[in-house]
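The values are calculated or read from the model by the stated rules, or taken from the named source; none is laboratory data. This one's a predicted model, so the numbers in the text were calculated from it and none came from an experiment. Here the Cβ is made from the backbone with ideal geometry for all residues, glycine too, and neighbour counts use every protein chain on show. In case anyone asks, the SASA skips ligands and DNA or RNA and just uses the protein heavy atoms, side chains included. Shrake-Rupley method; radii C 1.70, N 1.55, O 1.52, S 1.80 Å.
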Amino acid sequence: MLLTKAEMRRSMLGGAASLAGIIAFVGLAVLALLLSSGGSSILATVFEPYILRILRFTLLQAVLSTALSIVFAIPVAQALARQRHFPGRIWIIRLMAVPMGLPVLIGALGLIGIWGRQGIMNSALLKFGLEEPVSIYGLSGILLAHVFFNMPLAARLMLAALDRVPSEYWLMASGLGMRSGSTFRFIEWPVLRSVVPGIAGLIFMLCATSFTLVLMLGGGPAATTVEVAIYQSLRFDFDPGRAVTLSLLQIVLTSMILGALSLLPAPEDEGMTVGKPVRRPDGRLPGARLADGGVLLLVTLFLALPLMSVVLAGLRSDLMKLLREPIFWQSAATSLAISISAAALALLISMTLVSARRAALLRGSGTFGRRLLFAAMGGASSLVLLVPPIVLATGWFLALRNLSDVSAVAPLLIVAINALMSLPFVMRVLEPAFIVHKHRTQKLAASLGVTGWARLRLIDTPALFKPMLTAFSFAMALSLGDLGAVALFGSDGFVTLPFLVYSRMGSYRTNDADGLALILGVACLLLTIAGTMAPVRREVAVHG
Amino acid sequence: MFKFKFPSRSLLATIFIATATLTGAGAQAADKTLTVYTYESFISEWGPGPKVKEAFEKTCGCNVNFVSVADGVALLSRLKLEGAGTKADIVLGLDTNLTTEAKATGLFDASGIDVGGLKVPGDYKDDVFVPYDYGHFAVIYDTQTIKNPPQSMKDLVEGDPSQKIVIEDPRTSTPGLGLLLWVKSVYGDKAPEAWAKLKKRVLTVTPGWSEAYGLFTKGEVPMVLSYTTSPAYHMVAENTDRYQAAAFSEGHYIQIEVAGLLKNAPDKELARDFLKFMVTPGFQDTIPTNNWMMPVSATSQPLPDAFGKLVNPSKTFLMSSDEVAENRKAWIDEWLTAMSMN
Amino acid sequence: MVDPKFAIEMQRVGLQLGNQNFQFDCRLPTGAVIAVTGASGAGKSTFLNLLAGFDTALKGRILIAGKDVTEVYPAQRPVSLVFQDNNLFAHLDIFTNIGLGINPSLKLTTANCRTISSSLEKVGLAGFERRMPGTLSGGERQRVAFARALVRNRPVLLLDEPFAALDPGLRNGMAALLLDMHSETGNTVVVVSHDPDEVKRIADFGLFLEDGRIVVAAPIDEFLGRADHPGLTQFLRS
């Protein structure tokens, strides 16, 4: 027994409380919607040919996007893991977190600036004699945009996994004379294989629920996702029953895919190491340098050029004037307050879930109840992504409208919704780090009897500080760029930065919108800088 | 170390208080409060909202409290959401395509205003809703790229497919629905064939007007579906006449924006006063250069020169709200089918 | 407290891990250095885990120093542990690492601090209090682990192949240190070992495990002379 009964009980209670909280939050919203709909044509909805068609399209684009994101992320992660010391490395890593926090609309416009009919790519192609500009509007555009937004995330998570490989493995590989093929086969792929299902599941969910991108770059209504239908049924038709049915449909279908993914092997046991700094002798070979350099250059251009286009558009606006407006500072403060709270809440919930899942695992795969709880906690934290924020927001609005003044509760609801939306990311960052950390220290801690508060303070927090910081900054960046729930509750005094961007765009003021988008992008970059910083503790290389 | 745990509660309390103070601004001061639900761009800094508030508050001795939602469609959804318990006294920003559904909620009361004297093309008459501005839909084009703009809907539909247009989705935006109804008005039963032809020119369909216009001004596409008044913004605020509207010979569909008062408004007299105020110069003055639409009654000053250069449609299309409500789903399905075929 | 004759007793202890079934039954003498040997997969680590409390027996009882510890949490058992590696928390300095052995909440008295320093002296690492584990060599880290075992002063010391990661020259020195500590404290030492020379050098009692069972348990002379087990013979010859 590696945990005392008291610890086990505490962990499980914490996890169960979080799980119950999530289910209650989502459930009440759904219930409110169902009650107000009067159970109209729920079943009929499911079998409409239109719905079936968009289901098919939703799944198609999500599966392709996921596959492409993962496939392209692998060489990037490999290259970064292999080349550990070159000028600008940390900036490439930070760059990869920026797309995630960017409002989707701004990112899309940036992509269009590069890949669109007037973009650089087409201008170059036209110079080379192409007749008409290549159009990205269609499935190809959707895939491009999804890869832009999701591949960096996948690469970062994969890089984290590769960094967890004991340093001895790399030294061994080079000592054995392994070439890159064998290194991939014996060391890199087994590690990546264990994290790919989790990453794939997350990206799949993000792409399946993609809304603005699909509509903007899809080229026409042939490209419609279930999310659009949900949005439409709430905003245009006001048919809450239909919205709920469609949401459930989305959840059921995606769960099946995720279920299939979860049958793949789970993250393996990590080797015990001394905590030596990782050295990659195979990175020094000229062939590796060239290949990695090429990959990194391509990915940097791929990410940076659209962002550059956002920056240039932003610089063309009157930034000084924007910064002088009081509404800007008001919305910035609101955005900051919301994202900090949401990130904190997400971190808290994740820690309880992650720790409870570990505790459930420890007792062996014995009780069915325990295994169910384990799966439920993992599933709940991921599936929240499938419940559209508009469903949650509308449901809670309905639930609360008779009880109190909604605008007072609105900030809390927005924080809760944003926290839930960032939960899957936070868990994907925390859980692997937590597992490795526990594996390395739990026997020692158990044998010495370091438990509870002391263990948290002395052992867990210092070791987990860096992943927690990364997770926190991820969650903050996500919340910052999200328009979502605010749109429903937004009112005169409650404005966030993305809301401000949209409102400028809606008033012909695209220049202002560009400037604000630039500021948002810079904010996200600053957050990720904070996330990759850690207390510097240089460990002198061990000799002998 | 424990950055993430410590500030949570106190920070939430701060937000709570901050928001309560900010949103509670309207709760202070004056004896009477008029709550107006409207869409976001109306009350933005450059929108008509602030000026309207100032002007009305001078005459009524009351406090105007604006509550904003994203757009006209969201306005209706918000009302349905809140039901009879809604705090709105006035709803401002619905358009004529939504009025039948709005009336069906049973939340609105007769306005008591005679709209016959208003200068609205299309002969709009209603006893519940009062129009406050209008705008004809039009295809806006970039004069630098397009030298021969389409001169009719037929031109647009059958024109050169390499000159693209970006349009909005009728399921999620009112200009999108407007174009749908426009094509329907011109082509009637032959609308699906028209759409099938037009599809070749459509670069992409965006969820809303902002995204479409953003693409247009970035130079991604030379034409966009917007309002006849859009060029006025560029001429007045940006001093350029690069973007112009194309005049279609068959006529243009019109969007008329209306306001109405709610049955459960505590002070109906005040609400009616606002509706009356709405068609006076005090309100109408803000429409041309703050809302970038056309006023429905006289303004104290003549319209800016730029407005004189705008397209003035010879014929106006407007379907009755009932007709739209009845057929909308079927027409949208028709549109979907036509646009989805390859 | 009565000093029992047997420091460790396993009474019909049974455990099932995956496909493997373990059955242990033995009585180990107090104050002896007991070597646990066997081929890989024979169950040596499981044996140790059961004693330490990381694995829980499904059947039977485990007694350590006369106390029934079958259901007792590791920290409450009268044992100290030294693993092959990862004995120290990499992000804490030596002083803290040892200090945790005295009080898991790190509430130390001045007397405790002196104890820590003297333990470091005893293992030949005087003045290393503020060093970080990453800056020490493998042998030095193991010595710190010994120092911690010293300050804890428990009746039983469990070691899981403690010297396997060190080079042979160092191994002898460490084995000598272990014996020094043993003679000074009079504790019972259970050491899992792969090295027959080591066994011959330090053990008083030998256990040989095969397929999850203890097949040979005898005082060292008898242990080394046993000819009836081919596995054991092979081990001793290696």
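The calculated Kirkwood hydrodynamic radius for chain A is 24.7 Å, given to one decimal from all distinct C-alpha pairs. Residues A:132, A:227, ordered by accessible area of protein heavy atoms at a 1.4 angstrom probe radius and largest first, appear as A:132, A:227. Looking at the protein assembly as shown alone, DSSP beta bridges between its own residues are antiparallel in about 55 percent of cases. Express in whole angstrom the spacing between the alpha-carbon centres of the range A:54-88 and the range B:37-89. Spelled out, the Cα-based centre of one part sits 45 Å from the other. Largest mean-square fluctuation among B:300, B:185, B:230, in a Gaussian network model of chain B whose springs join Cα atoms under 10 Å apart, belongs to B:300. Summarising the label geometry, the points placed 7 Å from Cα in the beta-carbon direction at residue B:127 and residue B:54 lie 3.9 nm from one another.
Report the longest stretch of chain C that contains none of the trypsin sites (Lys or Arg not before Pro) sitting in a DSSP loop with at most 12 other Cβ atoms within 10 Å. With trypsin sites (Lys or Arg not before Pro) excluded where exposed in loops, chain C gives C:131-238 as its longest stretch.
The lysines whose alpha-carbon is closer than 30 Å to the alpha-carbon of residue B:199, local same-chain residues fewer than 8 away aside, are A:127, B:147, B:154, B:164, B:184, B:190, B:218, B:315, B:329.
Hydrodynamic estimate: the Kirkwood radius of the range B:105-243 over Cα pairs, inserted into Stokes-Einstein at 10 °C and 1.306 mPa s, corresponds to D of 95 µm²/s.
Rounded to the nearest Hz, the phi-derived 3J(HN,Hα) couplings of the range B:312-319 under the Karplus curve 6.51 cos²θ - 1.76 cosθ + 1.60 (θ = phi - 60°) are 10, x, 7, 10, 10, 9, 8, 8, where x marks glycine and proline. Residues of the range B:94-138 falling in the label zone of residue B:32, defined by backbone nitrogen less than 19 Å from a point 7 Å along Cα to beta-carbon, are B:109-114. R0 = 22 Å: FRET efficiency of residue A:50 with residue A:256, Cβ-based, nearest 0.05? That pair, residue A:50 with residue A:256, gives E of 0.55.
The distance between label points at residue A:168 and residue B:241 comes to 8.1 nm (points 7 Å beyond Cα on the Cα→Cβ vector). Computed from the C-beta positions of residue B:276 and residue A:20, the FRET efficiency with R₀ = 45 Å rounds to 0.25. Summarising the amide proton neighbourhood of residue B:249: residues at separation of 5 or more, or on other chains, whose placed amide H is nearer than 5 Å comprise B:152, B:153.
Between B:102, B:247, B:237, the Gaussian network model of chain B with springs among Cα atoms under 10 angstrom shows the greatest mean-square fluctuation at B:237.
Of the residues C:167, B:123, ranked by 1.4 Å probe accessible area with the largest first, the sequence reads B:123, C:167. Computed from the C-beta positions of residue A:123 and residue A:526, the FRET efficiency with R₀ = 41 Å rounds to 0.80. Compactness of the range C:93-203 is given as radius of gyration and Dmax, 13.9, 43 Å, from Cα positions. Rounded to the nearest whole angstrom, the semi-axes of the ellipsoid equivalent to the range C:1-148, taken from the Cα gyration tensor as √(5λ), stand at 32, 18, 14, largest first. Lacking any other cysteine beta-carbon closer than 4.7 Å, the following Cys residues of the protein assembly as shown have no compatible partner: A:207, A:524, C:26, C:113. The mean sequence distance of close C-alpha pairs (under 8 Å, at least 6 residues apart), as a share of the length of chain A, puts its relative contact order at 26 percent. Sorted from greatest to least, the principal axis extents spanned by the alpha carbons of the range A:172-229 come out as 56, 20, 13 Å. Considered as an equivalent ellipsoid built on the Cα gyration tensor, the protein assembly as shown has semi-axes of 69, 30, 25 Å, the largest given first.
Which of the lysines could a cross-linker bridge to residue C:44, judged by Cα under 21 Å and excluding same-chain residues fewer than eight apart? Reachable lysines: A:443, C:59, C:200. Based on the alpha-carbon gyration tensor of the range B:219-342 and its eigenvalue square roots a ≥ b ≥ c, which shape applies: rounded if a/c is under 1.5, prolate if not and a/b is larger than b/c, or oblate? Cα axes put the range B:219-342 in the oblate bin.
When the label point is put 7 Å from the Cα of residue A:408 along its Cα-to-beta-carbon vector, which residues of the range B:60-88 have a backbone N closer than 20 Å? Of the residues in the range B:60-88, B:65-68, B:82-83, B:85-88 have backbone N under 20 Å from the label point off residue A:408. Applied to the range B:277-293, the Karplus parametrisation 6.51 cos²θ - 1.76 cosθ + 1.60 on θ = phi - 60° returns per-residue 3J(HN,Hα) values of 4, 4, 9, 9, x, x, 8, 4, 4, 7, 5, x, 9, 10, 9, 6, 9 Hz, with x for Gly and Pro. Annotation: amide H-H contacts under 5 Å for residue B:205 (H modelled 1.01 Å from N, sequence separation of 5 or more, or interchain): A:219, A:220. With a Cα-only, solvent-free Debye model of the range A:380-450, what are the log10 I(q)/I(0) values at q = 0.15, 0.16, 0.22, 0.25 Å⁻¹? Summing over Cα pairs of the range A:380-450 leads to -0.64, -0.68, -0.93, -1.06. Taking label points 7 Å from Cα along the Cα-to-Cβ direction, residue C:179 and residue C:107 give a separation of 4.2 nm.
If you take the Cα centroid of the range A:135-201 and the Cα centroid of the range A:304-373, the two points sit 23 Å apart. Please report the antiparallel percentage of the DSSP beta bridges confined to chain C, to the nearest 5. The answer is about 55 percent antiparallel. 3J(HN,Hα) along the range A:335-351: 4, 5, 4, 5, 6, 5, 4, 5, 5, 4, 4, 4, 4, 4, 4, 4, 4 Hz, from the Karplus curve 6.51 cos²θ - 1.76 cosθ + 1.60 with θ = phi - 60°, whole Hz, x for Gly and Pro. Can you give the longest stretch of chain A with no exposed loop site, where a site means trypsin sites (Lys or Arg not before Pro) in a DSSP loop (not H, G, I, E or B) with at most 11 other C-beta atoms within 10 Å? Counting at most 11 other Cβ atoms within 10 Å as exposed, the longest clean stretch of chain A is A:1-536. In terms of modelled amide H atoms, which long-range or inter-chain residues lie less than 5 Å from the amide H of residue C:21? Sorted by chain and number, the residues that satisfy this come to none at all.
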